[in-house]
Each structure stands twice: as C-alpha cells, then as structure tokens.
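First comes the structure, then the notes that go with it.
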Amino acid sequence: MTPDGLTLLQRIRYSIFPGTFRKRMDRKSYLNFFNSLILHFRPRSVQERTLRFSLTWGLGGMAVVLVFMMFTTGLLLKFVYQPVPDRAYESIIHLQNNVPFGQLIRNIHHWSGNTLLIIVFLHFLRVFFTGAIHPPRQFNWIIGLAMFLAVLTSNITGYLLPWDQLAFWAITISTGMLEYVPGIGEGLQKLVRGGSDIGPATLSIFFAIHTAVIPACLLILMPFHFWRVRKAGGLVVPRTPDENPVSRGGSVPTIPNLILREIVVAVVLIAFIMLVSVSFNAPLGAKANPGLSPNPTKAPWYFAGIQELLLHFHPLFALVIIPVFILIALVSIPYFNYQTETAGVWFASYRGRRMAVVAAVTAIFVTPISVVADELVIDFTAWMPGLSPVVRNGILPAAFVLAGISMFYWLVKKKYAATNNESIQSVFVLFVVAFTILTIVGIWFRGAGMALMWPWEVGS
Ligand code: HEM
Ligand code: HEM
C-alpha cells in the first residue's frame, strides 16, 4: 500500500511501519515489526543449551542493562551537576533537595555503578571458568578486559564528582599511588590530577573522562564484544565433563526463547536496583576540605585490596610490579598452551573442580594468616636494617609469595597429574580468592592508622 490519500497521522505511522501498514495495525503486525527489528541485531536461532541459566547466570545481559541505566541516569545528572569545586557539592545538595526525583536518580546511578563492577567481575569469572577463553573467543576476552578497565575508570572518576570529604581523600589516595610508577610516576600523577594537587583541573579532567571519554569507549567496545560473540557462533555450549563436545543440542528460535529470558533478567535486576535505591541513599559526606584528612583515609572499596597490599609490600611492588604482572598474565592467559576442548565444561573437568576447591581453601587459610603474621610477627625492617627498603619490603616478600605459588602449582600438578588447564586454573583461583580476602580485610578489618581491628570495634 502507498501513502497516497492518507491523513497526516497515518502518513507518519506509515513512515515508521512501512510495508505493514493497514488502516488499523493489529497486534500481530506490531509484533512482526518489532521481531524483525530485533532480528536485525540478534541471531535468528541459538543453541538450546546456551539458554541454561547455569551457563551465563544472566551476567552479560545484566551488565548491558546496567550500562544502559548508567547512561540514562548519568545524562539526567548532567543537567544539574556543575563540575567546579565551588559548585559541585552544592549542585549535588540542590539535586537531592530541590530537583524532583533528583535523589532517586543519583541513588540509581550510584548503586548501578557499584553493582556493575561486581557483575562484570562475576561475568569475567564465569567466562574463565566455563573455558570461554579458548579459540575463537580469545580476543573477546581481551575486549572484555578493556571493558573491565573502562567500568573501573568510570567508577573511580565518578567517585570524585560529588566533591565531598569521602571523594576528595579517596581520590587523593588513589592518584597518590601513581607516584610510584618508575621514571614517569610524578609526571603521570600531574597529568591525571592536572597539577600537583587535587583541584579544579582534576575535577574538570575527571568529569570529561567520566562523561565523554569512557562512555565513547564503551559505545565502541560493546558492539565489538557482541559481534565477537556472534562470530564465535554464539556462547560456549555447556556440558558435563563426561559429555562429548560434538554431541551438541539443537537450535531454537531467538524469539521468544532468548528474548523472554533476557526480559525477565532485566526486569528482576531493575526491580532490585530500584528497591535498593529507594531504601538507601548514595553516601554524601561533608564538603571536601583539603586541610582536614579523615583517619583512616581509605581508597574506594574496589581498591581496598591494593591498599591492603601496600601495607605488606614496598609501594613499587604493591602498586606497579604486582598489578602489572597480573594484567600481563590476564592478557596472555588465553594464549597459553591449552586443551581447547574443555570449552563449556565448568572448571574444565571433575579433577579441575577438586583442584579449584583445594586452591580456594588454601587461599582462605593462608591469606589471613599471612596478613596477621606480617602485622604482628614479621618485621624485616628490624631484622635486616642494612637492606634497602625495595629489597627488604619488596623483593624479599615478593620472592616468598612467588616461591609459595610455584610450590603450590608444582604440588597440585603432581598430586593430581593435572593438565595445563587445570593447573593454571587452580593458580587463578588462588589469586582470585586471595585478592577477595585482601579486599575484605581492607574494607572491614582496618581502622584508625590502618591497624587491624574487628568490624564491630568501629567507633568504639
Ligand atoms: C561492560 C562489561 C561487559 C558487558 C556489557 C559484557 C556483555 C556480554 C554479553 C551480553 C555476553 C553474552 C551473554 C553472557 O555471556 O552472559 C558476553 C559474553 C562474553 N564476554 Fe562479556 N561483557 C562485559 C565484560 C566482559 C569481561 C570483563 C570479559 C572478560 C575479561 C568478557 C568476556 C566475554 C566472553 C569471552 C564472552 C563469550 C562467552 C561465551 O562464548 O560463552 N566480557 N559479554
Ligand atoms: C559505566 C558507566 C558509569 C559508571 C560506572 C558511573 C559511575 C559513577 C559513580 C560511582 C558516581 C558517583 C556517584 C556518587 O556516589 O555520588 C558517578 C557520578 C556521576 N556520573 Fe557516572 N557513571 C557512569 C556513566 C556516566 C555517564 C554516561 C554520565 C553522563 C553522561 C555520568 C554522569 C555522572 C555525573 C554527572 C555524576 C555526578 C553526580 C553524582 O555524583 O551523584 N555517568 N558516576
């Protein structure tokens, strides 16, 4: 049908739904239209087994929904927020007290941002533990890591924007860490802060990175990520360790099978974020006061693990050598020599599962014991006063840790006669659990002067 002889409204409707136009479009025509729209960027069919919740836990989809919520609430916040030190804090107060739904929108942005970080971390773990890092998915792991860094940077830069005491001092601590990068540390810190101290230039730089640079990166990386999933023929097909990788299940149409599941996950997640956002306000301390530092001055929670490392290692090791080593390991992990047919099997095999449990239990015992021992017993400074601090608090403890990890790797590989996949995976578990425990210690078990304490002693 052509638009000749139609009313203005009908012509507008025709411009949106060409081809399917009727005088009154029925429900079926609308559905057809939206289905074909969806199928422009989703595959027609998916492997039935990949729909199992126990494969993805809906985590990738949740990350997408949360990024979308960050963009929409972030854009709304921009209408009120003013990125200059004299006005930033006041604009947040104004937003909370005078702007309709201002507090709610800020809360949604705050809780979604923090939840996003946790969800992306869990998605990263699920991808690793289901072996979705082997060819043809290797490069998608790298894109994923880049998105992880983007989400982390978003959270750090957003943290400063309210310009309260919490923000000012957490960012002072976080950017202070840059000083220890060998050779370029001071320059790098000045570049990030826009000068020697945190001030108007820092706020303006963080605002630009937060509201323009990172969103642009995410807008480029996300479609690339999804395209790589498509190019890999969809997600890894889940199976038990005994199942043959060739015996795959059949395909089912994306609509309604996948789309309905995605909608359910999105609705539940949004309901959860709304519930948290109406129940708990995003924190806001007193206005930033560069002359008054709180005690203890803590980094944002996602840096608590690194701040904890700083109490045990020389800053060059805690802030540069160890994180760079971990980053290099993460980037190169898909390119090690693997048995690629473990893709789709949780923890690679039954033996891989047992080894992962052994690694987790080892980390659960060894990490807190090492933290306490270092606080109460080990004192390299008193024992070896002649050594330089880099050797005493850097090379020496790092050599101990490395020797411990190498011994663990060798022992489990030998005891279980394990493959490369299983052994590398157990070291990965060791690191993840140890880092999680360090983060927990940093958040809840450190008090004034960063001394160890019980969480219930706060304020007593
Ligand atoms: C903003 C961050 C991210 C978003 C929005 C995102 C989104 C998604 C989505 C929607 C999927 C398909 C469904 C699913 O697996 O749940 C997926 C798969 C995948 N993601 Fe991510 N992701 C993000 C971060 C990451 C990270 C940090 C990594 C790893 C370092 C990663 C690696 C992968 C891989 C390898 C796949 C394919 C999995 C398979 O074939 O089974 N992604 N991602
Ligand atoms: C992955 C995406 C994003 C993350 C993880 C993120 C995270 C954050 C966080 C944690 C805060 C501090 C909130 C608080 O506790 O007060 C914040 C503030 C802010 N963000 Fe974002 N954000 C993202 C995207 C965006 C976008 C796309 C915009 C706008 C284009 C934006 C605009 C703002 C503004 C104006 C503030 C200051 C208001 C406030 O602090 O309440 N954000 N963001």
Among the listed residues V276, V265, identify the single one that is surrounded by 15 or more Cβ atoms within 10 Å (Cβ to Cβ), of a type outside the set (S, T, Y) and within 16 Å of ligand 2 (Cβ to nearest atom). V276
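Conditions (1) aliphatic (A, V, I, L, M); (2) modelled with pLDDT of 95 or more; (3) closer than 17 Å to H225 by Cβ, marked per residue:
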| site | (1), (2), (3) |
| --- | --- |
| I92 | yes, yes, no |
| N97 | no, yes, no |
| R106 | no, yes, no |
| V120 | yes, yes, yes |
| P136 | no, no, yes |
| P182 | no, no, no |
Identify the single condition in (1) more than 24 Å from the chain's Cα centre (by Cα); (2) surrounded by fewer than 17 Cβ atoms within 10 Å (Cβ to Cβ); (3) not in a loop (DSSP other than H, G, I, E, B); (4) not β-branched (V, I, T) that F431 does not satisfy, given that it satisfies every other one. (1)
Just a yes or no: is a residue in the stretch 153-167 surrounded by fewer than 18 Cβ atoms within 10 Å (Cβ to Cβ) and either among the aromatic types (F, W, Y) or over 22 Å from the mean Cα position of the chain (by Cα) (or both)? no
Here is a list of conditions, (1) surrounded by fewer than 17 Cβ atoms within 10 Å (Cβ to Cβ); (2) over 30 Å from V192 (Cα atoms); (3) under 23 Å from the mean Cα position of the chain (by Cα), and I220 meets all of them except one; can you say which number that is? (2)
Determine whether the stretch 63-77 contains at least one residue that is at pLDDT 95 or above, closer than 18 Å to Y159 by Cβ and away from ligand 2 (no atom under 11 Å from the Cβ). no
Name every residue in the stretch 74-113 that is more than 23 Å from F168 (Cα to Cα) and either in contact with a Leu (Cβ under 9 Å, 6 or more places away or on another chain) or within 16 Å of ligand 1 (Cβ to nearest atom) (or both), in order of residue number. F101
Which one of I173, I156, I184 is within 19 Å of T211 (Cβ to Cβ) and away from ligand 1 (no atom under 12 Å from the Cβ)? I156
Looking at (1) touching a Phe, Trp or Tyr at 6+ places or on another chain (Cβ under 9 Å); (2) closer than 15 Å to G305 by Cβ; (3) crowded, with 17+ Cβ neighbours inside 10 Å, which one does N421 not meet, given that it meets all the others? (2)
Answer with yes or no whether G102 is closer than 24 Å to Y302 by Cβ and either modelled with pLDDT of 95 or more or among the hydrophobic types (A, V, I, L, M, F, W, C) (or both). no
Residues of the stretch 288-316 satisfying the condition of being of a type outside the set (A, V, I, L, M) and in a helix (DSSP H, G or I): W301, Y302, F303, G305, Q307, E308, P315
Among the candidates A398, A434, A417, residue that is out of contact with any Ser or Thr (no Cβ under 9 Å at 6 or more places or on another chain) and either free of Cβ contacts under 8 Å to residues at least 12 places away in the same chain or within 30 Å of P294 (Cβ to Cβ) (or both): A417
Residues in the stretch 189-207 that are of a type outside the set (F, W, Y) and in contact with a Ser or Thr (Cβ under 9 Å, 6 or more places away or on another chain) total 10
Could you grab the pairs with beta carbons closer than 6 Å, sequence gap of 6+ or different chains, first residue in the stretch 203-217 and more than 7 Å from ligand 2 (Cβ to nearest atom), second one in a helix (DSSP H, G or I)? F206/T157; F206/L160; I209/T157; C217/A150
Any chance the stretch 129-143 includes a residue that's within 15 Å of ligand 1 (Cβ to nearest atom), within 17 Å of the chain's Cα centre (by Cα) and over 24 Å from I220 (Cβ atoms)? yes
Of the residues V80, V99, only one is surrounded by fewer than 21 Cβ atoms within 10 Å (Cβ to Cβ), β-branched (V, I, T) and more than 10 Å from ligand 2 (Cβ to nearest atom); which? V99
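The values are calculated or read from the model by the stated rules, or taken from the named source; none is laboratory data. Keep in mind that this is a model prediction, so the values were computed, not measured. Note: ideal-geometry Cβ built from the backbone for every residue, glycine included; neighbour counts use all protein chains shown.
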